[in-house]
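The values are calculated or read from the model by the stated rules, or taken from the named source; none is laboratory data. Please read these numbers as outputs of a predicted model, since none were measured by experiment. We place every Cβ from the backbone using ideal geometry, glycine too, and count neighbours over all the protein chains shown. The area values use the complete protein model at the heavy-atom level, side chains included, leaving out ligands, DNA and RNA. Shrake-Rupley method; radii C 1.70, N 1.55, O 1.52, S 1.80 Å.
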Amino acid sequence: MKSMGTRTLVSRKLVLGAAATAALLAGSAPQAVATSDADQVIELGRRLFFDETVSRTGTVACSSCHDPEHGFSDKRVVSMDETGPAPRHSQPVTNLTDRQFHWDGEFPAMSDLLRARLAPSTDAETATRRRVASRAKIAGDAVDRRLLGTRSGMSSGGYPGITPRPPPRTGVVADGAPALNNARHARVSTRLRADGLYDTAFKGAFGDITITERRVMRAMEAYLMSLRTTESPYDAHVAGDTQVLSDSAKRGLELFEGDAGCTACHSLDVDTSETKTAHFRNTGVAKAQKARLQKTQLTEQKAADGNLTVEQIRGMRGFLSRGPIQDEDLGRAGATLMTPDSRKFKVPNLRDVAQHPPYMHDGSLATLTDVIQYYNTGGTKDDLLHGDVKPLGLDDGQVGDLVTFLESLSGYERAGLGPVTDARPGKAALRLLDDEGTPLRDVRVTVDPCGDRLHGTNSMPSQFDVTTDAEGVAHFDFPLSTHVRLVAPGLEIQRGGAIPDTIGSTDVRAVRNDLHAYVELRSKDPEALTQELGLHAGQAVRGTLSFGTAVSSKQTDPEQLYALERVRTLAPGRALYRTVAWPTRKPARVAARIGDKLIGPFEFDPSGGESAAIDLDAPALPKPQGGLVFLSGGDRITIGFNTEGMPDAEALKKLVEEAMRKRAEAAEKQAEDEQKDEPPIEQPVEHGNE
């Protein structure tokens, strides 16, 4: 793959090349650069990385926890994904190699990691169990059966090496209802195909507009493997600039390579640092984790910054100790299933390290000074502590010198800035259509740049306003960002989602968010998309979600039934529906009535705007049998009782086993169909440096 731009150090400043430099000095956008097919794969992956559609539930972008403006890590102590608090702090994703991903090295290849984060939960769970079985076979007689026991029940929502996570919050209500069947809970490829916003980008990258899971992951892998930190003052020093480092930084470098012993684990070369640090070390952090959380009293501000209260953080950490021998994060042992690997974690890359506090796998050390002082004291007592972790005897001045040196590893330019390519349309023509398909003319729209900024910017471009023309089209030069959102008073445009800069021109739906609540219904059976259709709200009863009353067809209470009216047909098998908005109501778990069946459950927001599309081809909810309403979906199986009666334990066990079997068969068939649809790609994606 060809380079994405030549970088040259001149007077401690990074220069992008003559054309880009001239453009910046003139205050204009940098000149578009030519792209190869491999480059277009990377650029597609870049945009998918910043789009919340590309996640298991379609709600949280990868960049939410890997912020490029924060060293591709998370400024929060506790990272938050679509299911709630993550069990570990997010690692930076720069300078990656092709093996052993995550703090514990659980994922042998990037494709394994992406599958775990993007694939439906059933697929991810199957892949997890296969990895566990493979690791157990590799470990052989050395496997610790107690560790294997803590892994056997792990849900796909968790991270390997850690016992099962708490129930997901997104797509699952607190009363225990199952995961939902809305379009945003469908496969990533299905959502992207339905939106149509990435057709042009997929055609440029792969030759046609076919969107599959494999292509999505291939593009994202190419992007992630392309992320490299840029030249730093330290590099200039190595190249011969004797003035670029301060005296303090030079003393810190001497300590780093000498008495402090940092090079025992860390390499400073961009190309080999991750290769060398594909090692794992027990530095005592995990052993101190539980005690530290019990003793630490976070201020209200710190708790707010982390989006969690102290009690919630402790509660989250509490589920780490559910195994028979786990009273802390097992680290590498959770992946290898071998006790000697307990509490080992991957040694991180130190490039741009000053850009992404807090530090350690649990985010427990707030500053670089805290990190150095931790090692200066010899870490935390642990029977498996690595031999290189021992008291250093550094004074405060030496600690400060080490910090100054580590700061010199920050690149002059932010890592991962994308180029302005010739494949990028540059100009956008987005036609706003109301719910009935009528162009919205003379509407003032705010264009809000989002996603990531591109070369030629020092910060995300500012918002600006445009007005739609007589045809309802908003014309504008696309800002130097990967995406934009369109905002207008009283309207919800494209469901509030991001629009990539690769689209050029397209129609976008803009619905009133104060008068009606909308939802797109989809079905392969055209007779299912009737003029009117009812959504029945589930009732929480004793910790379960019951649709039993809706099954009886006697439900007329407006609190229980949302009457949908078809507004227009969007395409074969797709229609837009609306109902009167209820601004004070919260999102509801509903089931759609098709004949004498209820299909669901789904999520529907009656307060206004447009909810995620509903797939009416989803499985029907079983009718009550012996007082039993049985719901299955996602990671969980929920059993609720809405009438008298209860099956005996053996009958209940059979019902559960049958539901799990059918769910597994459906997931495997869907995965097989997806693979069959994957067209061959003659040229493999190459990985290279920007």
Out of curiosity, is LYS427 at pLDDT below 95, closer than 30 Å to VAL466 by Cβ, surrounded by fewer than 21 Cβ atoms within 10 Å (Cβ to Cβ) and of a type outside the set (Ser, Thr, Tyr)? yes
Looking only at region 87-114, how many residues end up being more than 14 Å from GLY331 (Cβ to Cβ) and in a loop (DSSP other than H, G, I, E, B)? 11
Going residue by residue through region 622-636, is there one that turns out to be outside any strand (DSSP E or B), modelled with pLDDT of 75 or more, crowded, with 19+ Cβ neighbours inside 10 Å and small (Gly, Ala, Ser)? no
Being part of a helix (DSSP H, G or I) and of a type in the set (D, E, K, R), is that true of even one residue in region 379-392? no
From the residues in region 585-621 that are over 22 Å from LYS524 (Cβ atoms), at pLDDT below 85 and not small (Gly, Ala, Ser), which one is surrounded by the most Cβ atoms within 10 Å (Cβ to Cβ)? ARG589
Unmet requirement for ASP247, which otherwise passes all of (1) farther than 25 Å from GLU413 by Cβ; (2) modelled with pLDDT of 95 or more; (3) open to solvent by less than 30 Å² (accessible area, probe 1.4 Å); (4) not aliphatic (A, V, I, L, M): (3)
Yes or no: region 406-414 includes at least one residue that is touching a strand residue (DSSP E or B) at 6+ places or on another chain (Cβ under 7 Å), outside any strand (DSSP E or B), of a type in the set (Asp, Glu) and surrounded by 16 or more Cβ atoms within 10 Å (Cβ to Cβ). yes
I'm checking my understanding of the structure. Among residues of region 487-500 that are farther than 17 Å from VAL473 by Cβ and not hydrophobic (A, V, I, L, M, F, W, C), which one is most open to solvent (accessible area, probe 1.4 Å)? PRO489
So which residues in region 489-532 are free of Cβ contacts under 8 Å to residues at least 40 places away in the same chain, acidic (Asp, Glu) and not in a strand (DSSP E or B)? GLU527
For region 230-258, name all the residues that are outside any helix (DSSP H, G or I), out of contact with any Leu (no Cβ under 7 Å at 6 or more places or on another chain) and either of a type in the set (Asp, Glu) or free of Cβ contacts under 8 Å to residues at least 24 places away in the same chain (or both). GLY240, ASP241, THR242, GLN243, GLY258
Quick check: anything in region 479-488 assigned to a loop (DSSP other than H, G, I, E, B), of a type outside the set (Val, Ile, Thr), at pLDDT 95 or above and more than 26 Å from SER611 (Cβ to Cβ)? yes
Look through VAL511, VAL519, VAL484 and report the one residue that is in contact with an Asp or Glu (Cβ under 9 Å, 6 or more places away or on another chain), open to solvent by less than 20 Å² (accessible area, probe 1.4 Å) and farther than 25 Å from VAL580 by Cβ. VAL484
Which ones in region 107-121 are hydroxyl-bearing (Ser, Thr, Tyr) and surrounded by fewer than 20 Cβ atoms within 10 Å (Cβ to Cβ)? SER111
Across (1) modelled with pLDDT under 90; (2) of a type in the set (Val, Ile, Thr); (3) under 24 Å from THR212 (Cβ atoms), VAL93 clears everything bar (1)
Residue within region 190-202 that is more than 30 Å from GLY58 (Cβ to Cβ) and either open to solvent by 30 Å² or more (accessible area, probe 1.4 Å) or without any contact (Cβ under 8 Å) to a residue 24 or more places away in the chain (or both) present: no
Does VAL60 qualify as being assigned to a loop (DSSP other than H, G, I, E, B), at pLDDT 85 or above and within 24 Å of ASP269 (Cβ to Cβ)? no
